[in-house]
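Heads up: the structure comes next, in structure tokens.
The values are calculated or read from the model by the stated rules, or taken from the named source; none is laboratory data. Quick caveat: nothing in here was measured; it's all calculated off a predicted structure. So basically every Cβ, Gly included, is an ideal-geometry build from the backbone, and we count neighbours across all protein chains shown. Accessible surface areas use protein heavy atoms only, side chains included; no ligands, DNA or RNA. Shrake-Rupley method; radii C 1.70, N 1.55, O 1.52, S 1.80 Å.
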Amino acid sequence: MSKTIAILTSGGDAPGMNAAIRAATMVAVAKGHRMLGIRHGYRGLLDEKISPIDADRVNGILREGGTILHSARSKRFHSVEHRNRAREVLTKHGVDGLIAIGGNGTLTGLTLLSDTSEAGDWPVQCIGIPASIDNDIALTGLAIGVDTAMNTIVEACDRIADTATAHGRTFIIEVMGRDSGYLSMTSAIASGANMVLFPEAARTEEELVSSMVKTILTVRERHPENQRVVAIKAEGVPTPTDRLKELVDAKVFEITGEEHEDEDIETRVTVLGHVVRGGRPSAFDRLLGSRFGNVAVRAVLAGEHRKMVSWLPPMDLPEGAGTRAQADPYCYLVDLPAVLSATKQLLEGQSPLARWRATAFDDLEDVFLL
Ligand code: F6P
């Protein structure tokens with residue numbers, strides 16, 4: 001029997017969302033089902049911005065950044081009254097399954113929408129696809145957009161390293177990630193940065209300053225011909241980047257001022273901001289989005305409900321939280337409420353993964369310094 005599947009993207013966009021929309025649409029249509037695109041996320045759902053999409057509409061979108069369905073963060077969706085309205089809209093359009101692509105907010109919205117205490121026996125099957133450059137969603141190794149964002153950061157760091165080397169300067173490069181340091185940590189390794197500052201380490205302002213000063217002085221001593229220092233700082237670190245720069249410069253000047261008064265030791269700051277979220281998706285994000293889209297549609301067709309598609313979870317899944325997807329051995333289907341509670345633990349620093357992330361780089365600090 002032919003099904004109607006609706007798809008939306010919500011929250012911060014992530015490169016590779018279009019690949020997921022395209023794959024889901026093509027698989028659904030090829031198998032004889034109808035696809036509806038909801039524009040502007042949950043806000044568009046409440047405003048009934050819904051229209052059919054087919055293979056022609058998604059032709060060529062694979063290589064485009066952003067999302068052809070547009071995205072939004074809806075405050076209205078936080079209320080039961082508006083979620084009731086959303087359920088009515090989906091029922092009115094004959095929707096059998098809803099696929100929501102996005103980050104924590106999107107998955108929380110989907111979990112509430114499908115909560116039986118609110119929804120009763122509302123029959124629409126809800127499947128989530130993780131997409132957020134922050135990689136702050138638990139029980140999945142990666143979310144759509146992380147790889148492209150990391151490549152963008154690394155490219156920027158390579159460019160900055162050239163000018164930093166020419167002048168023997170220190171740069172602090174601030175990268176997105178909300179409360180998660182994942183992007184800062186991975187891009188620091190991939191770009192060969194001298195240090196990384198991330199929120200999970202929970203360092204005080206004093207500790208941040210002293211660790212930066214230590215790095216700068218060590219590099220000056222060990223590499224007098226190349227005094228370049230590149231520090232990648234996650235936006236989630238509470239000390240504002242400009243303030244950190246001022247404190248570090250003051251301290252370095254205090255220690256070396258007279259000795260090095262002719263040298264250009266002032267730190268420069270680059271905030272990459274939303275640059276990191278845009279651009280054409282990397283080959284890996286196109287692949288990941290396509291595989292997630294494929295698995296999500298097949299999950300709806302197989303009668304799955306309240307699940308998130310996940311990519312090779314980094315640690316064992318909690319007992320009974322999910323199973324390997326039939327359609328793709330690299331993907332899992334995990335329970336949405338389990339994802340949300342594990343994500344809360346991850347962001348509060350309580351899970352084993354959070355603890356590993358917090359300590360792994362402490363142990364590497366002297367390695368980075370070489
Ligand atoms: O969650 C994705 C993200 O890009 C975060 O890294 C960042 O903190 C936030 O969204 C920025 O949100 P906005 O686009 O609303 O400024």
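Tabulated data
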read-out: Nonlocal Lys pairs with alpha-carbon distance under 26 Å, the chain (8 or more apart, or different chains); value: 21
read-out: Full-extension gain in nm, Asp316 to Thr116, via 0.36 nm per residue minus C-alpha separation; value: 69.2 nm
read-out: With 10 Å bins from 0: P(r) over the chain, alpha-carbon pairs, percent; value: 5, 24, 29, 20, 13, 7, 2, 0, 0
read-out: Share antiparallel - DSSP beta bridges, the stretch 1-102, percent rounded to 5; value: 25
read-out: Residue list for the stretch 314-338, given a label point 7 angstrom along the Cα-to-Cβ vector of His305 and an amide N cut-off under 17 Å; value: 334-338
read-out: Fraction of accessible area attributable to carbon and sulfur, the chain (%, probe 1.4 Å); value: 50
read-out: Span from the the stretch 136-159 Cα centroid across to the the stretch 265-335 one, whole angstrom; value: 12
read-out: Candidates Leu197, Leu333, Leu208, ranked by Gaussian network fluctuation over the chain, Cα under 10 Å, top entry; value: Leu208
read-out: Relative contact order %, the chain, counting alpha carbon pairs below 8 Å whose residues are six or more apart; value: 22
read-out: Within the stretch 46-144, trypsin sites (Lys or Arg not before Pro) in DSSP loop having at most 12 other beta-carbon neighbours inside 10 Å; value: Lys75
read-out: Peptide ranges 158-167, 223-232, 118-127 listed from the most packed, as the mean C-beta count within 10 angstrom indicates; value: 223-232, 118-127, 158-167
read-out: Å² of accessible area per residue within the chain, as computed with a 1.4 Å probe and no ligands counted; value: 44
read-out: Helix 104-113 axis, angle to the chain major axis (alpha carbon atoms, nearest 10°); value: 20
read-out: Gaussian network model of the chain, Cα within-10 Å springs - most flexible of Phe77, Phe292, Phe253; value: Phe253
read-out: Helix axis angle, 146-167 relative to the chain longest principal axis, alpha carbon, degrees; value: 20
read-out: nm² value of the averaged projected area, convex hull over the Cα atoms of the stretch 35-104; value: 5.1
read-out: Relative contact order (%) - the stretch 147-278, alpha-carbon pairs under 8 angstrom, separation at least six; value: 40
read-out: Cα-Cα pairs of the stretch 247-370 separated by more than 24 Å (percent); value: 58
